[in-house]
Amino acid sequence: MLQRFSVPAYRSRQLSEALYRGWAESLDEVTTLPKELRERLAEAGYAVGLPRIVETFTSVDGTERYLIAAADGQTVETVWMPEGDEGENGDGSEAAAYFDATICVSSQIGCAVNCQFCLTAKLGIIRDLTAGEIAGQVVAVLKRHMVQIGRDRINLVFMGMGEPFLNYDAFMDAVRLLVEEVGIPESRMTVSTSGIVPGIERFAAEPVRPKLAISLNASNNQVREQIMPINRKWDIERLLRAVQQVPLRAREKLTFEYVLLGGVNDQIQHADEVGALLRRVNRPLKVNLIVWNPGPGIRYDMPQPHQVIEFQNRLKLNGVPAYIRRPRGRDIYAACGQLKRTGG
Ligand code: SAH
Ligand code: SF4
């Protein structure tokens, strides 16, 4: 925006530095710009600001869920997950002097995909977020915790509300902003998709991109169609073919998420089917098993704890590395699939 004011290019850099790394909330705080230029900007109607956290819910496990205000009065949900115990010595000494945390970022308000087990789906799609609103969630949370990029280790997961690949351009613009202006490396970012094939194909060609996670959630088309209607548009075979086109970087692995729904997709034969599917993919990969998080009005059951372990072991027996994801912030409705702008 500064080109119109006939000032040298480094002034633009100073402005983005103040915004994205200095967390400036008004033009007055951008003290690297001369006062006279700030006044001219204000007179021309320009303003700078950060999205505001209007509500915070804190879980017993340290997870925080935020409602962040958008300009039109809507709220966006964002989750902060400190990695937890590793930093604490348990000997009365202070916690680690740096953060190791993951921020879960939303890409849309609501979601159009309509997965049957997901609370966000109940909202329908309200609207897309802009690139500024997507990146702004991260900047607001970094400011709240006074995070120092470089010292602290921050991971981003685009796994909040919405389907990132149905808001592709804004999502990728936000990624570039976060890499270039905020300074978070794309190797510390993961985007999860329900399987939007054209999005995956575009993503495969991106020079700068996060790691990819695919919500597989079922071992065959029959079950997947039932729980994820999107499977009628792009079935498992189309999905896996698209995924195979994504060029992986050194040591990069694809992640397949698998939400375990009691009695629906959590049986031993399902694990064997997943094993067979993923062997055919023939790329470095892992499976993250997620125990389904309940929500009001959703008629599924949680899997039995022993079945979760058996499923994991069976995948491993099939040669597929499998991890059980610890649910975070279930008590404050911050866990996977629970984001729905609920008050409590
Ligand atoms: N829309 C994207 C990203 C957000 S959802 C996607 O679907 O991939 C992030 C993950 O949470 C997905 O793997 C999804 O399958 C999972 N999920 C949704 N609802 C859930 C619930 N109630 N319990 C556990 N996981 C859930
Ligand atoms: Fe949308 Fe993901 Fe929820 Fe499916 S699981 S409805 S794609 S947010």
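The values are calculated or read from the model by the stated rules, or taken from the named source; none is laboratory data. Just so you know, these numbers come straight off a predicted model, no measurement behind them. No Cβ is skipped: glycine too gets one built from the backbone with ideal geometry, and neighbour counts run over all protein chains shown. Heavy atoms of the whole protein, side chains included, go into the accessibility calculation; ligands, DNA and RNA do not. Shrake-Rupley method; radii C 1.70, N 1.55, O 1.52, S 1.80 Å.
Would you pick out the residues in the stretch 109-149 that are more than 20 Å from residue 58 (Cα to Cα) and aliphatic (A, V, I, L, M)?
Hits for the stretch 109-149 are 109, 112, 113, 121, 123, 125, 126, 129, 131, 134, 135, 149.
For the stretch 1-31, which positions are open to solvent by 50 Å² or more (accessible area, probe 1.4 Å), farther than 24 Å from residue 176 by Cα and not in a helix (DSSP H, G or I)?
Answer for the stretch 1-31, where residues must be open to solvent by 50 Å² or more (accessible area, probe 1.4 Å), farther than 24 Å from residue 176 by Cα and not in a helix (DSSP H, G or I): 6, 31.
Given (1) more than 28 Å from residue 334 (Cβ to Cβ); (2) part of a loop (DSSP other than H, G, I, E, B); (3) open to solvent by 80 Å² or more (accessible area, probe 1.4 Å), where does residue 39 come up short, assuming only one miss?
Going through (1) more than 28 Å from residue 334 (Cβ to Cβ); (2) part of a loop (DSSP other than H, G, I, E, B); (3) open to solvent by 80 Å² or more (accessible area, probe 1.4 Å) one by one, residue 39 breaks only (2).
Looking at the stretch 141-158 only, could you name the residues that are open to solvent by less than 60 Å² (accessible area, probe 1.4 Å), within 18 Å of the chain's Cα centre (by Cα), more than 16 Å from ligand 2 (Cβ to nearest atom) and more than 16 Å from residue 23 (Cα to Cα)?
154, 155, 156, listed by residue number.
So if I check each of 141, 147, which one is farther than 14 Å from residue 209 by Cβ and outside any helix (DSSP H, G or I)? It would help to see each step written out before you state the result.
Working: 141 fails: outside any helix (DSSP H, G or I).
Answer to the selection: 147.
I'd like to verify a number: residues in the stretch 193-210 that are within 16 Å of ligand 2 (Cβ to nearest atom) and either in a helix (DSSP H, G or I) or surrounded by fewer than 20 Cβ atoms within 10 Å (Cβ to Cβ) (or both), how many?
Residues flagged as within 16 Å of ligand 2 (Cβ to nearest atom) and either in a helix (DSSP H, G or I) or surrounded by fewer than 20 Cβ atoms within 10 Å (Cβ to Cβ) (or both) within the stretch 193-210 amount to 5.
From the set of residues in the stretch 300-331 that are in a helix (DSSP H, G or I) and open to solvent by less than 20 Å² (accessible area, probe 1.4 Å), which is farthest from residue 58 (Cα to Cα)? Walk me through how you get there before you give the answer.
Pass one, the stretch 300-331, residues in a helix (DSSP H, G or I): 305-317, 330-331.
If we keep only those that are open to solvent by less than 20 Å² (accessible area, probe 1.4 Å) too, we end up with 308, 311, 315.
Details: 308: 27, 311: 32, 315: 34 Å.
Ranking the candidates gives 315 first.
Hey, among 130, 190, 102, which residue is open to solvent by 30 Å² or more (accessible area, probe 1.4 Å), among the β-branched types (Val, Ile, Thr) and either more than 24 Å from residue 300 (Cβ to Cβ) or more than 13 Å from ligand 1 (Cβ to nearest atom) (or both)?
Details: 190 fails: open to solvent by 30 Å² or more (accessible area, probe 1.4 Å); 102 fails: open to solvent by 30 Å² or more (accessible area, probe 1.4 Å).
It is 130.
Consider only pairs whose beta carbons are under 7 Å apart and that are at least six residues apart or on different chains; among these, list those whose first residue lies in the stretch 261-275 and is outside the structural domain of residue 311 (by TED's automatic domain parsing) and on the phi > 0 side of the Ramachandran plot and whose second residue is open to solvent by 50 Å² or more (accessible area, probe 1.4 Å) and outside any helix (DSSP H, G or I).
The qualifying pairs do not exist here.
Taking the options 213, 174, name whichever one is part of a helix (DSSP H, G or I) and closer than 29 Å to residue 78 by Cβ.
On the way: 213 fails: part of a helix (DSSP H, G or I).
Being part of a helix (DSSP H, G or I) and closer than 29 Å to residue 78 by Cβ holds for just one of 213, 174, which is 174.
Look at residue 285 and say whether it is within 15 Å of ligand 2 (Cβ to nearest atom) and assigned by TED's automatic domain parsing to the domain that holds residue 217.
No; evaluated as a whole, the condition is false for this residue.
I'd like the full set of residues that are more than 16 Å from ligand 1 (Cβ to nearest atom), exposed (fewer than 12 other Cβ atoms within 10 Å of the Cβ) and on the phi < 0 side of the Ramachandran plot, limited to the stretch 281-299.
284, the sole residue that qualifies.
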